[in-house]
1. Quick one: count up the residues across segment 219-232 that are farther than 17 Å from residue 363 by Cβ and surrounded by fewer than 17 Cβ atoms within 10 Å (Cβ to Cβ).
2. With segment 287-403 as the region, which helices (runs of 4 or more DSSP H) entirely inside it contain at least 1 residues that are within 30 Å of residue 430 (Cα to Cα) and touching a residue at least 40 places away in the same chain (Cβ under 8 Å)?
3. Identify all residues within segment 407-430 that are touching a helix residue (DSSP H, G or I) at 6+ places or on another chain (Cβ under 6 Å) and more than 10 Å from residue 280 (Cβ to Cβ); write none if there are none.
4. Mind listing whichever residues of segment 103-147 are assigned to a helix (DSSP H, G or I) and either in contact with a strand residue (DSSP E or B) (Cβ under 8 Å, 6 or more places away or on another chain) or more than 25 Å from residue 85 (Cα to Cα) (or both)?
5. Hey, residue 235 hits all of (1) buried (at least 23 other Cβ atoms within 10 Å of the Cβ); (2) modelled with pLDDT of 90 or more; (3) farther than 30 Å from residue 2 by Cα but one; which does it fall short on?
6. So residue 53 ticks every box in (1) under 18 Å from residue 120 (Cα atoms); (2) modelled with pLDDT under 80; (3) surrounded by 18 or more Cβ atoms within 10 Å (Cβ to Cβ) but one. Which box is left unticked?
7. Tell me, yes or no, whether segment 67-82 has at least one residue that is closer than 30 Å to residue 38 by Cα and in contact (Cβ under 8 Å) with a residue 12 or more places away in the chain.
8. Inside segment 153-176, can you point out the residues that are at pLDDT below 85 and either closer than 20 Å to residue 5 by Cβ or part of a helix (DSSP H, G or I) (or both)?
């Protein structure tokens with residue numbers, strides 16, 4: 001099988017995993033808050049606590065996938081996690097009558113746990129498929145392309161079945177059935193068609209590894225930039241449905257606007273990879289974040305019926321989306337090589353466990369910041385929001401993410417691990 005075909009099969013599970021991500025952050029909070037009557041503040045608290053409780057499991061699962069003394073250890077963990085994740089999705093997306101705060105909290109915990117058990121070995125495996133600086137961007141681009149396609153499917157499938165944004169419960173039920181079929185199929189194809197790396201060195205002990213990690217300033221710097229950018233991305237993702245419904249008053253255009261954003265991300269991804277092959281990955285990522293910040297600054301001037309201006313904002317800001325998804329993970333793989341060269345052994349799982357921890361915490365903070373702030377500012381979906389409430393929603397959606405983006409871009413702009421330095425590290429490893 002050609003290398004390109006292997007990368008294609010490797011990227012396949014990204015499709016259902018993305019189709020899970022979109023309803024979790026867009027449909028689910030609104031469904032439990034409005035249709036099940038839990039309330040915005042309670043939903044924000046439940047999801048925040050569930051995410052924070054899940055934080056410690058990521059590095060532990062990552063270490064487990066590094067240390068398991070069996071062949072194809074990452075594949076076995078993925079196979080174990082898949083049926084567990086399907087069970088949890090079904091319970092969370094299709095809750096029984098009377099499901100409340102504790103149902104949301106407990107099943108969210110299990111979804112996050114199973115998701116970690118699947119995605120952490122999966123992303124660590126991708127970092128080990130190649131040691132080449134540019135080839136790694138191609139691998140992550142393959143995975144994230146399927147992620148974008150999966151997000152488009154998640155956004156478009158309910159729309160194609162005649163389910164509008166005013167029926168998030170029906171959308172969740174359809175997506176639960178879709179995931180129950182597609183997730184095991186794609187994971188199985190990936191496991192059967194893609195080999196794990198033959199180069200394996202056992203990680204050093206936990207205490208020694210922690211000391212080495214603390215000395216890895218490049219990883220800490222990268223993780224901080226990724227975390228800040230995660231908050232910036234999580235805020236508009238959480239508030240997108242509310243913004244379209246109450247500020248633009250265009251709930252029927254929700255699917256089209258969201259699709260435009262992700263199609264634009266799919267178009268921008270190969271352009272970003274080409275630029276990263278000509279220049280350095282960290283600089284291209286920094287420019288991408290600055291671009292998104294400039295585009296989003298125009299959001300608060302929009303009002304009811306401004307479909308075309310917001311569509312343009314979705315398309316232009318979407319161009320940075322694929323770059324945002326692919327390049328940080330590619331840079332992370334290079335940083336792991338630096339750790340291995342300094343004696344850490346092969347512990348990609350542990351590093352991506354910390355990466356996953358930052359991802360979850362940033363998204364949890366986005367939900368935990370956005371919904372409670374809306375409640376404090378008096379925004380209520382059960383009554384017609386006043387002008388000040390709509391302005392608060394616009395500012396939280398469009399302006400609040402910008403300082404986080406700027407801080408992330410400033411942190412990564414002069415990142416010292418470039419193509420030349422990485423080649424020197426690879427020579428040392430080989």
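The values are calculated or read from the model by the stated rules, or taken from the named source; none is laboratory data. Only a predicted model underlies this, so the values are computations on that prediction, with no experimental measurement involved. We place every Cβ from the backbone using ideal geometry, glycine too, and count neighbours over all the protein chains shown.
1. 1
2. Correct list: 321-339, 348-376.
3. 407, 408, 409, 411, 412, 413, 425, 428, 429 - these are the residues of segment 407-430 that are touching a helix residue (DSSP H, G or I) at 6+ places or on another chain (Cβ under 6 Å) and more than 10 Å from residue 280 (Cβ to Cβ).
4. 133, 134, 135, 136, 137, 138
5. Failing condition for residue 235: (2).
6. Of everything listed in (1) under 18 Å from residue 120 (Cα atoms); (2) modelled with pLDDT under 80; (3) surrounded by 18 or more Cβ atoms within 10 Å (Cβ to Cβ), residue 53 misses just condition (3).
7. yes
8. Correct list: 154, 155, 156, 157, 158, 159, 160, 168, 169, 170, 171.
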